[in-house]
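To start, the structure under review is shown below, and the notes come after it.
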Amino acid sequence: MLQTVFATQTTHQMNKPTFITVHRKALRTIPHSMLIKLSLIFLLTVKIHLTDAQACTNLWPPTLSNFHKAIQESQGTLKICPFTIHRGDCDVEGKPYVVPFRRLQLFCVKGQDTSCVIDCPGRHFEVGPGTRLSLEKFDLRGATDSSILVKPSGVLIAKYNRFDRNVGHNGGAVVANTKSKLLLQFNDFDNNRARLNGGALYIESSYASVRVSSFVGNSAIDGGCIYVPEVLASSRLYVQQNTFASNSADFKGALIVMESSLIYFNNYNLACDNVSPDDCEGALTKDGACEPFYEGGVCESPTSYPTPPPVVPTGYPTRQPTKLPSLVPTEYPSSSPTAAPSRQPTLHPTSSPSAKPSAKPSYRPSLSPTAVPSRRPSVYPTPSPSAKPSVKPSGKPSSKPTSNPSQKPSKSPTASPSILPSIRPTPIPSPSPTKTPTLQPSTSLLPSKAPSKGKNSPSHCKPEPGWECPPDDVSE
């Protein structure tokens with residue numbers, strides 16, 4: 001009996017469809033290659049979540065000295081949370097952080113709208129001989145003596161960083177000395193400037209690789225983006241899959257100037273809207289020959305995802321206006337107006353009116369009236385009335401009467417009489433009597449042309465010798 005029951009239960013359990021058996025049948029219908037792809041995607045997602053789940057160092061208060069202290073305590077590896085250091089937070093008097101470790105890795109846990117921003121004057125980092133700095137997802141701005149200096153035998157590896165508005169004697173963003181190595185990938189070099197050569201990069205290193213990066217709005221006398229001086233004949237520069245747009249040079253080479261090195265580039269470098277006297281959309285060699293980039297390349301702007309608005313606006317405007325307006329308006333207006341007006345008016349009116357009126361009125365009226373009145377009245381009245389009345393009256397009367405009546409009466413009476421009688425009677429009586437008598441009798445010596453009608457109307461006539469008063473009831 002026990003064996004029969006056990007056999008029955010076992011048969012029932014085998015025939016019952018479970019969660020695992022159902023999904024096994026479903027997985028059998030999926031191709032083997034698709035299963036491998038789904039497994040890889042699942043493992044990659046788990047890895048990303050585990051990486052993001054790791055704790056990052058929170059910098060508080062966000063000052064440059066505390067940032068240097070956090071690097072010193074990290075012992076060579078620092079994963080830091082997003083922060084912003086600018087203006088008053090730059091408390092080290094422009095001194096750079098000299099890498100003390102043989103290998104230093106700095107990684108910023110960058111969010112969608114946040115990043116690790118260092119906007120300070122002076123120099124940001126200095127890589128000494130025999131040391132290596134790995135920098136990832138940082139935003140370095142406002143340097144006045146080049147953002148990063150790589151000394152001889154130093155190594156810089158920079159990925160997913162942004163170098164913006166940095167200025168230097170040579171190389172606004174990065175200066176690499178002789179016998180150093182430079183590996184740059186997925187970086188943005190925007191609006192960097194050199195007083196002499198190399199608006200973004202000044203490369204003396206024996207090996208340098210610049211890949212999948214963008215150079216926009218950089219400027220210098222020679223080499224608006226990259227300048228390679230005549231130092232080592234064996235130095236090599238790899239430039240591949242980069243975008244060069246709106247860069248400029250005062251003398252030669254809006255993009256790259258090579259004095260001695262060998263340059264290797266493929267046909268995936270794109271160039272557009274760069275300005276220099278030689279009109280070279282590529283690398284300019286020592287003998288003045290131009291090695292152009294891919295002729296069929298077209299700079300695609302803007303990007304699919306717009307960049308977030310900066311925390312601090314730029315100190316100086318760009319040389320050339322952008323094709324598309326920014327999401328956030330600038331603090332100061334440009335010297336010349338844009339070709340096409342913006343879609344939305346500004347929230348606050350300008351201090352002085354424009355030469356030509358706008359197509360649509362502003363939401364708020366101006367504080368002071370204009371010298372010349374507009375042809376059409378405004379929808380909303382001004383807070384204070386104008387000094388002079390308008391030439392033509394408004395189409396509709398005001399909702400509230402004026403506190404003081406006009407000194408002169410109107411030439412023609414109104415279409416409909418007023419609801420309440422006037423306080424003072426008019427010097428000349430009206431041709432027809434009012435329905436209700438006035439509070440005070442008229443001062444005129446002449447009686448009205450037509451007496452008041454009604455049986456109950458009192459007569460003010462007094463009989464005199466030779467003249468009788470008319471009767472109270474007058475037939476119509």
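The condition of being in contact with a strand residue (DSSP E or B) (Cβ under 7 Å, 6 or more places away or on another chain), surrounded by fewer than 24 Cβ atoms within 10 Å (Cβ to Cβ) and in the same structural domain as Tyr97 (by TED's automatic domain parsing) holds for only one of Leu201, Leu237, Leu156, that being Leu237. A Cβ distance below 6 Å, combined with a sequence gap of six or more or placement on separate chains, defines the contacts here; from segment 264-293, residues that are assigned by TED's automatic domain parsing to the domain that holds Ser248 and outside any loop (DSSP other than H, G, I, E, B) reach residues that are polar (S, T, N, Q) and surrounded by 19 or more Cβ atoms within 10 Å (Cβ to Cβ) in the pairs Leu270/Thr243; Val275/Ser248. Across segment 179-198, the qualifying residues are those that are over 20 Å from Val127 (Cα atoms) and more than 30 Å from the chain's Cα centre (by Cα), and the one among them that is surrounded by the most Cβ atoms within 10 Å (Cβ to Cβ) is Asn197. Do we have Thr144 as under 23 Å from Thr63 (Cβ atoms), over 21 Å from the mean Cα position of the chain (by Cα) and among the β-branched types (Val, Ile, Thr) here? Yes.
Is it the case, given these coordinates, that Lys79 is without any contact (Cβ under 8 Å) to a residue 12 or more places away in the chain and farther than 20 Å from Ser147 by Cβ? The answer is no for Lys79. Considered as a group, the residues in segment 110-141 that are aliphatic (A, V, I, L, M) and more than 23 Å from the chain's Cα centre (by Cα) include one that is surrounded by the most Cβ atoms within 10 Å (Cβ to Cβ), and that residue is Val127. Flag set for Ala143, criterion: part of a loop (DSSP other than H, G, I, E, B), hydrophobic (A, V, I, L, M, F, W, C) and free of Cβ contacts under 8 Å to residues at least 40 places away in the same chain.
Report, by residue number, each residue of segment 192-231 that is in a loop (DSSP other than H, G, I, E, B) and polar (S, T, N, Q). Lay out the reasoning, then the answer.
Narrowing segment 192-231 to residues in a loop (DSSP other than H, G, I, E, B): 192, 195-196, 198-200, 204-206, 212-213, 217-218, 223-225, 229-231.
Selection gives Asn192, Ser205, Ser206, Ser213, Asn218.
The values are calculated or read from the model by the stated rules, or taken from the named source; none is laboratory data. This is a predicted model, so every value here is computed, not measured. Note that each Cβ is placed from the backbone with ideal geometry, even for glycine, and that neighbours are counted across all protein chains shown.
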